[in-house]
Amino acid sequence: MKLALIGYGKMGHMIEQIARERGHEIVSIIDIDNQDDFDSDAFASADVAIEFTSPQAAFGNYLKAWEQGVKVVSGSTGWMKDHGDEVRRLCTDGGRTLFWASNFSIGVAIFSAVNRYLANIMNQFAQYDVEMEETHHVHKLDHPSGTAITLADEIVERLDRKTAWAEDTTDPSLLRIDHIRRGEVPGIHTIRYDSDADCITISHDAHSRRGFALGAVLAAEFTAQHDGLLTISDMFKF
């Protein structure tokens, strides 16, 4: 499969390594200093572009890739509020293809399934309050993390006693999310159900970026054979 990379930071380098290990060809690498390469024949020859950039750049990168007829896999977060409706329209009615996930780790996909299952159970036990904490490296600009938002949305959908999530809240009707930025932490997400009697905690702790990079390449392999707006739940049937 021919792949293009959009964004060539630490994640981009790791994705390149894993893609080559899996026998894929990298036909184009686009970073901040060679944006004109979106219009190149090399980029247009890609089956899929894998995009990991910033909240400010992601949507524009999708549009540039789609103009060349290239499908996109993206792990960029923070753009959904401003551009989510337009992306959904373009993928549903406009014939574009985007596989988006807040986190591509296989472990996080499993963790998310456990989170949904546990939330369904805990809806029966109102004595347990729930809160979440996410920790990432100091370079991460957005908060809470996209993964935390996804996990929180899954909880709110299943707990009648929570109406939404929020940061820095003491409102018992809201799911509180705390964020920590320190060092080079790849990502830790912890969910706690606490009562007077006891506490139930589930957590996912990423050891490195390799799990995210592998998941992104697996998503690209999946996206090459599928169309529309795709997510982890389309690839993994838990």
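The values are calculated or read from the model by the stated rules, or taken from the named source; none is laboratory data. All of these numbers come straight from a predicted model, not from anything done at the bench. When we count neighbours, we look across all protein chains shown, and the Cβ atoms used for this are built from the backbone with ideal geometry, even at glycine. Quick note on the areas: whole protein, heavy atoms, side chains included, nothing else; ligands and nucleic acids left out. Shrake-Rupley method; radii C 1.70, N 1.55, O 1.52, S 1.80 Å.
Some values worked out for this structure:
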| quantity | calculated |
| --- | --- |
| Of residues in the range 215-227 being of a type outside the set (Gly, Ala, Ser) and surrounded by fewer than 20 Cβ atoms within 10 Å (Cβ to Cβ), the one nearest to PHE104 (Cα to Cα) | LEU218 |
| Count of residues meeting criterion [open to solvent by 70 Å² or more (accessible area, probe 1.4 Å) and assigned to a strand (DSSP E or B)] in the range 118-132 | 2 |
| Residues being hydrophobic (A, V, I, L, M, F, W, C) and outside any helix (DSSP H, G or I) - total across the range 93-117 | 5 |
| Checking LEU230 against (1) touching a residue at least 60 places away in the same chain (Cβ under 8 Å); (2) open to solvent by 70 Å² or more (accessible area, probe 1.4 Å), the condition it does not meet | (2) |
| Matching residues in the range 57-72 - criterion: being out of contact with any Leu (no Cβ under 8 Å at 6 or more places or on another chain) and in contact (Cβ under 8 Å) with a residue 12 or more places away in the chain | ALA57, ALA58, PHE59, ASN61, LYS64, ALA65, GLU67, GLN68, GLY69, VAL70 |
| Of residues in the range 141-154 being touching a Ser or Thr at 6+ places or on another chain (Cβ under 9 Å) and part of a loop (DSSP other than H, G, I, E, B), the one least open to solvent (accessible area, probe 1.4 Å) | SER145 |
| Among the candidates ALA224, ALA166, residue that is small (Gly, Ala, Ser) and in contact with an Asp or Glu (Cβ under 7 Å, 6 or more places away or on another chain) | ALA224 |
